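S.K.: Have a look at this one before I ask anything.
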Amino acid sequence: MRVTVVRRTAVAASAVCLGLLATACSGSSDEENKSSGKEAARSEKPAAAEGGAKTLTAAELEKAVLAQGDVKGHKIEKASVADTLTADQITVDKSECEPLAHAMTGAKLGEPAAAVSRQATQEPAEQQKDLSIEDMTEEELQEQLAQNFNLTSTLVGLASYEGKGAEEAVASLRSAAKTCSGGFTVAAQGEKTKITKVEEIKVPGGQEVVGWSLTADLEEGDTMPTKLAVVRKDGTLARFVAVNFGGLMEGKDFPLPTAVIDAQVAKLG
């Protein structure tokens, strides 16, 4: 692989990862703002979810979502971008794969009563030195890129549902993952991503837990994994979408951000 190819791979990886995170952030922020407005106009007595569990309001979700200091070695901040994204702005070549496409891009799953989101970004163990690309060999460049980008960024979203909404959302994901295990193509805000494989992964915590690793095709034959996990507690869903640049540069997979998931599940109660 020549230096130019390494550079192009890095740029392609960044574009895809940032595209997924940006659309995820924008979708969640849009839902969050709309939901917050609706909740402010509602009665202080929230509706009940299936089985008598309370449907959390936007204000209650704000208290339950991760905050700075909740996860060691991670920066937690509100997920927000200028653009907005809704489910109708996402197109999928296979309609049965829409729940997975919506989940991985941060668009709403089903019809939540309220939603909030945060971005949890792993912090580097130590300050990395500036890159001097022209002075590096191909191997040194690839190694340095992997070290500097070996950080996992996770979009964390909480959404509350009335009735069986949360259970139905999880069921739709299970069905989509089974049907679309061979892949699908999703387009969000003009950017197409080809998912070639959907594999189930083990996720900790919660009354009901589902998780998958979705592999996307990139230029030059490279691939990029995205981790998707959803944890249900009564009528509330905690969703996690994680990407890692360094894993791509090294041609390796990356572990599920269990510290982030554990902290959020624990805070949800």
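The values are calculated or read from the model by the stated rules, or taken from the named source; none is laboratory data. Everything quoted here is computed from the prediction, not taken from an experiment. As a convention, Cβ positions derive from the backbone with ideal geometry for all residues, glycine included, and neighbour counts pool all protein chains shown. Ligands, DNA and RNA are stripped out before the accessible areas are found, and what is left, the full protein with its side chains, is counted by its heavy atoms. Shrake-Rupley method; radii C 1.70, N 1.55, O 1.52, S 1.80 Å.
Table: residues versus (1) part of a loop (DSSP other than H, G, I, E, B); (2) at pLDDT 70 or above; (3) of a type in the set (Ser, Thr, Tyr); (4) crowded, with 19+ Cβ neighbours inside 10 Å.
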{"position": "Asp83", "(1), (2), (3), (4)": "yes, no, no, no"}
{"position": "Pro99", "(1), (2), (3), (4)": "no, yes, no, yes"}
{"position": "Lys108", "(1), (2), (3), (4)": "yes, yes, no, yes"}
{"position": "Val116", "(1), (2), (3), (4)": "no, yes, no, yes"}
{"position": "Ala120", "(1), (2), (3), (4)": "no, yes, no, yes"}
{"position": "Pro124", "(1), (2), (3), (4)": "yes, yes, no, no"}
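S.K.: Would you mind telling me which numbered condition in (1) modelled with pLDDT of 95 or more; (2) under 25 Å from Ala115 (Cα atoms); (3) open to solvent by 10 Å² or more (accessible area, probe 1.4 Å) Ala229 fails?
M.R.: (3)
S.K.: For segment 149-232, which strands (runs of 3 or more DSSP E) that fit wholly inside it have 3 or more residues that are touching a residue at least 40 places away in the same chain (Cβ under 8 Å) and more than 24 Å from Gln89 (Cβ to Cβ)?
M.R.: Numbers: elements: 152-160, 184-188, 191-200, 208-217.
The qualifying strands (runs of 3 or more DSSP E) are 208-217.
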